[in-house]
There are 2 protein chains.
Amino acid sequence: MLDQPELSPRAARTRAALVAAGFDLLAAKPIDAIPIDEVVATAGVAKGSFFNHFADKQAFAAALATEVRLELEGQVGRANDGIVDPIERIAGGMRVCATFAIDNPKRTAVLLRSAGSVTDRKHPLNKGVADDFDEAATLGLIGAAARGSGVLYWLGLCQALMAHLVEPKRDPAEAQARITEMLVLGLTGLGIDRHRAEAVAARCGHCSRR
Amino acid sequence: MLDQPELSPRAARTRAALVAAGFDLLAAKPIDAIPIDEVVATAGVAKGSFFNHFADKQAFAAALATEVRLELEGQVGRANDGIVDPIERIAGGMRVCATFAIDNPKRTAVLLRSAGSVTDRKHPLNKGVADDFDEAATLGLIGAAARGSGVLYWLGLCQALMAHLVEPKRDPAEAQARITEMLVLGLTGLGIDRHRAEAVAARCGHCSRR
DNA sequence: TGTACATCAGTGAACGCGCGTTCACTGATGTAC
DNA sequence: TGTACATCAGTGAACGCGCGTTCACTGATGTAC
């Protein structure tokens, strides 16, 4: 969907090398601090090839950000496919995001750097969450304060959790503890009963990746 | 404290003009996207003057970030001075941050852009919060999950709230609602009793600015 | 108060290099017959 | 299957300008006598 329609194998290989190099470099520093020379050197292609695939540096950065966004969006969508309870969907979304961050620290770093996302209820990645909250509110599943500010609250937690998990040096057990605790804290704040919150946070079958 | 010891009035004026221009520009775009020419033009000083005050562009950006950080840190510290209940301190910190964001959108934008802060428990701005959580845990005021992940949880909420309040077009009433709701949600998540949470969120005397 | 001198900070022209972008050329891949 | 031709994508040298940094000079501020 993202790639322009029908790319020749050779072109696809070059493009993929550039994109991979971009993720490696963009994870560590902002686009303006990365010379194109460094991108093409890392990718092992000629400088001119860069402009066969991207109009300029900004377009390159935007393409990478969009790619991760769509990827994560897809994973969340697939994980929640068929789940009707909005609370389960909301919780599942956080867990998928967390798992994604652990599995793809570089891509996640690029996503987090592309900023501004948290606050915007209309952002595509956030649209689904907003819908789930609306439904949860309609069904009376969440508290009063969560009706106005629940989305902001939840996205803030997701972002903080992802940023935390992206750091190196994490050990897997501690990471899982963080995810579970964050779910318990988050759900409790929404007004979910303590035991239900712990049960939902512990459950993970339906939202394991893929 | 931030200014080098004893700056002549003339030098102080020039420096202040550069700093003010820096906040205006840095609020909108990252430092790498801002030519020094633009900074000095905005400040109305000669290009050479820039280097009388800052070693280079990065040092300039770092100085601005540090300045806001210290300012906010000071406000939180002063607001919490004399308050012993860790729950009140934790809540007061969020409210001060929110008020700061409303009153200083540009400075806040610079602070938020200087990134990485949320996740780091050892960061100076976060040190106080971590201490308050430790004490709250010791006193048994907060739930089990909050002992391990409470700081990350709370800092995530503060950052999301600030990022939200910094946007233009906010009307004051809606902003206050957001702050109160975020406090209620946040405190409830920590395991604070619903009525206590609402009471603390509603109270604001001790943490009004200055 | 006035004069001479020292220091401090501002100025903007000049420099030079890093880096984004272009382009003529080449080799690889694909297609027609 | 083989040959000729067209297109597509890669290559890297060359270009040129934007921008960070320097520096010699000037004017302002401060101090000594």
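Computed from the coordinates by the stated procedures, all read-outs in this text should not be read as laboratory data. Only a predicted model underlies this, so the values are computations on that prediction, with no experimental measurement involved. Cβ atoms come from the backbone with ideal geometry, glycine included; neighbour counts cover every protein chain shown.
With +1 on each Lys and Arg Cβ and -1 on each Asp and Glu Cβ, how big is the dipole of chain B about its Cα centre, in debye rounded to the nearest 20?
240 debye
Counting only helical runs of four or more DSSP H residues, what would the 222 nm mean residue ellipticity of chain B come to if each run contributes -39,500 (n - 2.57) and the total is spread over all its residues?
Theoretical 222 nm ellipticity from helices: -23000 deg cm²/dmol.
Using Cα-only point scatterers and the Debye equation, what is log10 of I(q)/I(0) for region B:26-99 at each q in 0.17, 0.19, 0.25 Å⁻¹, rounded to two decimals?
-0.73, -0.80, -1.10
Taking only the alpha-carbon atoms of region B:72-210, what semi-axes of the equivalent ellipsoid follow from 5 times the gyration tensor eigenvalues under a square root, in whole Å, largest first?
22, 17, 14
Report, in debye and to the nearest 20, how large the dipole of region B:1-102 comes out about its Cα centre when Lys and Arg carry +1 and Asp and Glu carry -1 on their Cβ.
Magnitude of the dipole: close to 200 debye.
Sort shortest first the distances from B:R196 to its counterpart in every other copy, using label points 7 Å along the Cα-to-beta-carbon line, and give them in nm.
Once sorted, the set of distances for B:R196 reads 2.3 nm.
Return the Cα extents of the protein assembly as shown along principal axes one, two and three, sorted largest first, each rounded to a whole Å.
That gives 66, 59, 39 Å along the principal axes, largest extent first.
Fewest to most neighbouring Cβ within 10 Å: what's the order for A:R15, B:R10?
If I rank by nearby Cβ atoms, fewest first, I get B:R10, A:R15.
Select from A:T108, A:T14, A:T138 the residue whose mean-square fluctuation is largest in a Gaussian network model of chain A (Cα-Cα springs shorter than 10 Å).
A:T138
In nm, what does the list of distances from A:P30 to its counterparts in the other copies look like, shortest first, when each label sits 7 Å along Cα to Cβ?
Taking the point 7 Å beyond Cα along Cα→Cβ, the inter-copy spacings are 0.5 nm.
Karplus couplings for region B:159-172 from phi (6.51 cos²θ - 1.76 cosθ + 1.60, θ = phi - 60°), rounded to Hz, Gly and Pro as x?
5, 4, 5, 4, 4, 5, 6, 6, 4, x, 6, 6, 9, x
How would you rank A:T188, B:T180, going from fewest to most other Cβ atoms within 10 Å of each one's own Cβ?
Placing the least packed residue first, the sequence is B:T180, A:T188.
Which links in A:K29/A:K122; A:K57/B:K106; A:K127/B:K122; A:K106/B:K57; A:K127/B:K57; A:K57/B:K127 stretch past 32 Å when you go from one Cα to the other?
Over 32 Å Cα-Cα: A:K127/B:K122; A:K127/B:K57; A:K57/B:K127.
How large is the Rg to Rh ratio of region A:1-61 when both quantities use alpha carbon positions and Rh follows Kirkwood?
Rounded to two decimals, Rg over Rh is 0.94.
Near B:D134, within a Cβ-to-Cβ distance under 13 Å, what is the net charge of the other residues, with Lys and Arg +1 and Asp and Glu -1?
The answer is +1.
Using the Cα centre of the protein assembly as shown as the reference point, and only Cβ charges (+1 on K/R, -1 on D/E), how large is the resulting charge dipole? Debye, rounded to the nearest 20.
360 debye
Between copies, how far apart are the A:R170 label points? List them in nm, one decimal, shortest first, with each point 7 Å from Cα toward Cβ, please?
For A:R170, the inter-copy label distances come out at 2.8 nm.
Please report the net charge: other residues with Cβ closer than 14 Å to the Cβ of A:G191, K and R +1, D and E -1.
The answer is 0.
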